[in-house]
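Below: one structure, written as structure tokens.
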Amino acid sequence: MEVMVLKTYEEMSKAAAAVIAKVLNSKPNAVLGMATGSTPLGVYKELVRMHKAGGLDFAQVTTFNLDEYVGLPTTNEQSYHYFMHENFFKHVNISPRNIHIPSGTTSNYRSFCDWYEKRIKECGGIDVQILGIGSDGHIAFNEPGSSLSSRTRLKTLARATIEDNARFFERKEDVPIYAITMGVGTILEARTLVLVANSAKKAEAVAQMIEGPVTSMITASALQLHPHAKVFVDEPAAGKLKMREYYDWVMKKKPGAPQT
Ligand code: PGA
């Protein structure tokens with residue numbers, strides 16, 4: 001796992017966006033895995049800036065989102081369909097038919113989830129998957145206890161997640177209890193993982209993900225099993241890392257490393 005500690009949220013977002021831009025520049029028809037939540041907003045802002053300023057091209061890009069709430073229509077402002085459209089898709093030249101987001105209103109969740117998995121494979125697999133981390137250590141909506149080989153499926157949200165996400169809803173009772181989410185196993189098949197985390201609220205989960213044991217109780221710890229996982233954190237989110245000095249040393253020495 002590559003751990004990169006950046007001074008600010010803006011620097012963290014730019015560093016993560018640079019990885020995605022590099023993939024897109026070398027493979028214009030790349031498959032991107034998208035994430036929602038407050039954390040990746042800075043990454044999207046930077047990608048949109050690069051699109052507008054330097055022509056970062058999304059014309060041939062295909063996307064798959066990690067998850068969606070069950071029961072919210074796509075027009076609901078809290079749905080992840082709405083979020084993605086407002087914060088990213090409407091600002092770049094992506095083709096609407098290349099966008100995939102789990103359906104929160106399908107009549108058959110099981111067959112939808114099977115189709116979603118099949119569709120990722122048909123598109124050649126995910127080249128780079130963007131991830132956030134929950135304060136309970138989840139990636140996507142893979143709550144503590146989720147199998148590390150889980151696939152896309154319906155999931156009951158943990159109380160901690162409902163509390164965390166209540167800030168976006170008028171009343172806590174309005175937060176959906178169920179979601180469709182890619183599984184940990186699905187996420188681990190992406191060729192590169194880019195996880196972003198900021199603020200002291202995430203420091204404990206970040207430390208467990210990077211330096212704790214691999215455990216389904218912290219599903220983000222599964223990133224330790226991935227050969228190309230890059231974690232970008234800001235100073236406060238890095239606050240509980242014991243090996244901090246080593247991560248900084250590696251980052252500083254990287255430019256001089258032998259090129260393979
Ligand atoms: P956040 O959510 O970016 O809004 O903190 C992260 C997550 O739950 O994955």
Item to complete: Pick out the one residue from E189, E173, E211, E204 that is open to solvent by 70 Å² or more (accessible area, probe 1.4 Å) and farther than 28 Å from I101 by Cα.
Response: E204
Worksheet item: Looking at segment 24-41, is at least one residue touching a Pro at 6+ places or on another chain (Cβ under 9 Å), within 16 Å of the ligand (Cβ to nearest atom) and not basic (K, R)?
Response: yes
Worksheet entry | Restricting segment 111-136 to residues that are assigned to a helix (DSSP H, G or I) and among the charged types (D, E, K, R), the residue that is nearest to the ligand (Cβ to nearest atom) | E117
Worksheet entry | Flag for T219 being closer than 27 Å to S103 by Cβ, in contact with a helix residue (DSSP H, G or I) (Cβ under 6 Å, 6 or more places away or on another chain) and not aliphatic (A, V, I, L, M) | yes
Worksheet entry | Where a residue in segment 208-224 is closer than 18 Å to M243 by Cβ and its partner, wherever it lies, is of a type in the set (G, A, S) and assigned to a loop (DSSP other than H, G, I, E, B), with Cβ under 6 Å and at least six apart | Q208/G137; I218/G137; A220/G137; S221/G212
Practice prompt. For segment 137-190, enumerate the residues that are closer than 14 Å to I120 by Cβ and assigned to a helix (DSSP H, G or I).
Written response: G185, T186, I187, L188
Worksheet item: When you look at N108, is it within 16 Å of the ligand (Cβ to nearest atom), modelled with pLDDT of 95 or more and open to solvent by 50 Å² or more (accessible area, probe 1.4 Å), yes or no?
Response: no
Discussion item. Being over 14 Å from D136 (Cβ atoms) and either of a type in the set (V, I, T) or within 15 Å of the ligand (Cβ to nearest atom) (or both) is the filter here; which residues of segment 151-178 pass it?
Written reply: T152, A166, R167, F168, F169, V175, P176, I177
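The values are calculated or read from the model by the stated rules, or taken from the named source; none is laboratory data. Just so we're clear, the structure is a prediction, and the values are computed from it rather than from any experiment. In this analysis, Cβ positions are derived from the backbone assuming ideal geometry, glycine residues included, and neighbour counts consider all displayed protein chains. Side chains included, ligands, DNA and RNA excluded: accessible areas come from the protein's heavy atoms. Shrake-Rupley method; radii C 1.70, N 1.55, O 1.52, S 1.80 Å.
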